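S.K.: I have a structure here, written as structure tokens, and I will follow up with some questions on it.
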Amino acid sequence: EAGVTQFPSHSVIEKGQTVTLRCDPISGHDNLYWYRRVMGKEIKFLLHFVKESKQDESGMPNNRFLAERTGGTYSTLKVQPAELEDSGVYFCASSQFFQETQYFGPGTRLLVL
Amino acid sequence: AQRVTQPEKLLSVFKGAPVELKCNYSYSGSPELFWYVQYSRQRLQLLLRHISRESIKGFTADLNKGETSFHLKKPFAQEEDSAMYYCALGGATNKLIFGTGTLLAVQP
């Protein structure tokens, strides 16, 4: 069974540009989560989808971040415009049911110059 | 406030020595605690969760509500245990709150 996949694995962009990260959860997993770890800090929750609906987006840092999950399958996280402090590793996770184990993807390393 | 504290950034032990990775939490409700591990060049993966009370790869962790702790223990460290270990807190909202992580280095 394929695990959670994320694309791209790395992205280097300039401040002010736009970047879109993609996450494909494990097939059949209704719950999808985004987390990120910025330099020197802990992994922090961004938001949680149940199917195509945003269940909890309390961790989204500001309105430069937009997450979507059209059709309840894969999800995208767009950062527009990117700032230097957005650099870090963005993780996606999925789970089949609420409060079940979350399976993580390999992460996308974002560097904003 | 919900918080997870891992006081040690780095823990270095020799092979065969006991290991204890500390984790303390702050949570007003009924907590659900996890240990995740990230080996070099691999993704974050669940090591164990308190609700299942399993022993994985020789690791155990007991939830101590009185001390609000969930320390990870292993009696005899192996070199392949070298990795980054994260304690995480889950609750009613399902989002995980992570500690800053402890890098375990097992020396030969």
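S.K.: How many residues are crowded, with 16+ Cβ neighbours inside 10 Å and not in a loop (DSSP other than H, G, I, E, B) if we restrict to the stretch A:67-81?
M.R.: Taking the stretch A:67-81 and keeping what is crowded, with 16+ Cβ neighbours inside 10 Å, we get A:67, A:69, A:74-75, A:77, A:79.
When the remaining residues are screened for being not in a loop (DSSP other than H, G, I, E, B), the result is A:67, A:75, A:77, A:79.
Total satisfying the criteria: 4.
S.K.: Moving to a separate point now. For the stretch A:10-41, enumerate the residues that are more than 23 Å from A:Phe98 (Cα to Cα), in a loop (DSSP other than H, G, I, E, B) and open to solvent by less than 70 Å² (accessible area, probe 1.4 Å).
M.R.: Listed by number, the residues that qualify are A:Gly16, A:Thr18.
S.K.: Can you pull out every residue in the stretch A:3-62 that is farther than 17 Å from A:Leu111 by Cα and of a type in the set (A, V, I, L, M, F, W, C)?
M.R.: A:Val4, A:Cys23, A:Ile26, A:Leu32, A:Trp34, A:Phe45, A:Leu46, A:Leu47, A:Phe49, A:Val50, A:Met60
S.K.: Out of the stretch A:27-59, which residues are more than 8 Å from every other protein chain (Cβ to nearest Cβ), touching a residue at least 24 places away in the same chain (Cβ under 8 Å) and under 23 Å from B:Arg3 (Cα atoms)?
M.R.: Hits for the stretch A:27-59 are A:Leu32, A:Trp34, A:Arg36, A:Arg37, A:Val38, A:Met39, A:Leu46, A:Phe49.
S.K.: Another question, then. From the residues in the stretch A:82-113 that are touching a residue at least 60 places away in the same chain (Cβ under 8 Å) and more than 13 Å from chain B (Cβ to nearest Cβ), which one is most open to solvent (accessible area, probe 1.4 Å)?
M.R.: A:Leu113
S.K.: Do we find a residue being surrounded by 21 or more Cβ atoms within 10 Å (Cβ to Cβ), of a type outside the set (Phe, Trp, Tyr) and touching a residue at least 12 places away in the same chain (Cβ under 8 Å) anywhere in the stretch B:50-60? Working first, answer last.
M.R.: Initial filter on the stretch B:50-60 (surrounded by 21 or more Cβ atoms within 10 Å (Cβ to Cβ)): none.
Checked against the condition, which is being surrounded by 21 or more Cβ atoms within 10 Å (Cβ to Cβ), of a type outside the set (Phe, Trp, Tyr) and touching a residue at least 12 places away in the same chain (Cβ under 8 Å), the stretch B:50-60 yields no hits at all.
S.K.: Here's something else I'd like to know. Among the residues of the stretch A:47-66, is there at least one that is surrounded by fewer than 15 Cβ atoms within 10 Å (Cβ to Cβ), charged (D, E, K, R), assigned to a strand (DSSP E or B) and under 14 Å from the mean Cα position of the chain (by Cα)? Reasoning before the result, please.
M.R.: Step one: of the stretch A:47-66, the residues surrounded by fewer than 15 Cβ atoms within 10 Å (Cβ to Cβ) are A:51-54, A:57-58, A:61-64, A:66.
After this cut, where a residue has to be charged (D, E, K, R) as well, the list is A:51-52, A:54, A:57, A:64.
Pick out the ones that are also assigned to a strand (DSSP E or B) and you get A:54.
If we keep only those that are under 14 Å from the mean Cα position of the chain (by Cα) as well, we get A:54.
Yes; the residues of the stretch A:47-66 include at least one that is surrounded by fewer than 15 Cβ atoms within 10 Å (Cβ to Cβ), charged (D, E, K, R), assigned to a strand (DSSP E or B) and under 14 Å from the mean Cα position of the chain (by Cα).
S.K.: Considering every residue within the stretch B:67-82, establish whether at least one is open to solvent by 10 Å² or more (accessible area, probe 1.4 Å), hydroxyl-bearing (Ser, Thr, Tyr), more than 14 Å from chain A (Cβ to nearest Cβ) and in a strand (DSSP E or B). So that I can check it myself, show each step before the final result.
M.R.: Taking the stretch B:67-82 as the starting set, the residues that turn out to be open to solvent by 10 Å² or more (accessible area, probe 1.4 Å) are B:67-68, B:71, B:73-76, B:78-80, B:82.
Retained after the next criterion (residues that are hydroxyl-bearing (Ser, Thr, Tyr)): B:68, B:82.
Retained after the next criterion (residues that are more than 14 Å from chain A (Cβ to nearest Cβ)): B:68, B:82.
Narrowing further to those that are in a strand (DSSP E or B): none.
No, the stretch B:67-82 contains no residue that is open to solvent by 10 Å² or more (accessible area, probe 1.4 Å), hydroxyl-bearing (Ser, Thr, Tyr), more than 14 Å from chain A (Cβ to nearest Cβ) and in a strand (DSSP E or B).
S.K.: Quick one: which residue in B:Leu63, B:Leu96, B:Leu21, B:Leu103 is at pLDDT below 95 and either more than 22 Å from A:Gly59 (Cα to Cα) or more than 12 Å from chain A (Cβ to nearest Cβ) (or both)?
M.R.: Values: B:Leu96 fails: either more than 22 Å from A:Gly59 (Cα to Cα) or more than 12 Å from chain A (Cβ to nearest Cβ) (or both); B:Leu21 fails: at pLDDT below 95; B:Leu103 fails: at pLDDT below 95.
Answer to the selection: B:Leu63.
S.K.: Just the residues that are touching a residue at least 40 places away in the same chain (Cβ under 8 Å) and of a type in the set (Ser, Thr, Tyr), please, taken from the stretch B:83-108.
M.R.: Of the stretch B:83-108, the ones touching a residue at least 40 places away in the same chain (Cβ under 8 Å) are B:83-92, B:96-108.
The answer is B:Tyr85, B:Tyr86, B:Thr100, B:Thr102.
S.K.: Applying the selection to the stretch B:10-42, what residues are part of a loop (DSSP other than H, G, I, E, B) and open to solvent by less than 20 Å² (accessible area, probe 1.4 Å)?
M.R.: Just the residues of the stretch B:10-42 that are part of a loop (DSSP other than H, G, I, E, B), to begin with: B:15-18, B:22-23, B:27-31, B:39-42.
The answer is B:Cys23, B:Pro31.
S.K.: Taking only pairs six or more apart or across chains, which ones have beta-carbon atoms under 9 Å, a first residue in the stretch A:2-16 that is touching a residue at least 24 places away in the same chain (Cβ under 8 Å), and a second residue that is in a loop (DSSP other than H, G, I, E, B) and among the β-branched types (Val, Ile, Thr)?
M.R.: If the second residue must be in a loop (DSSP other than H, G, I, E, B) and among the β-branched types (Val, Ile, Thr), the pairs left are A:Ala2/A:Ile26; A:Gly3/A:Ile26; A:Val4/A:Ile26.
S.K.: Still on this structure: Which of the residues spanning the stretch B:48-60 are in a loop (DSSP other than H, G, I, E, B) and either away from every other protein chain (no Cβ under 14 Å) or polar (S, T, N, Q) (or both)?
M.R.: Of all residues in the stretch B:48-60, those in a loop (DSSP other than H, G, I, E, B) come to B:50-55, B:57-58.
Selection gives B:Ser52, B:Arg53, B:Ser55, B:Lys57, B:Gly58.
The values are calculated or read from the model by the stated rules, or taken from the named source; none is laboratory data. Not measured: the values here are computed from a predicted model. Using ideal geometry, Cβ is built from the backbone for each residue, glycine included, and neighbour counts are taken over all protein chains shown. Ligands, DNA and RNA are stripped out before the accessible areas are found, and what is left, the full protein with its side chains, is counted by its heavy atoms. Shrake-Rupley method; radii C 1.70, N 1.55, O 1.52, S 1.80 Å.
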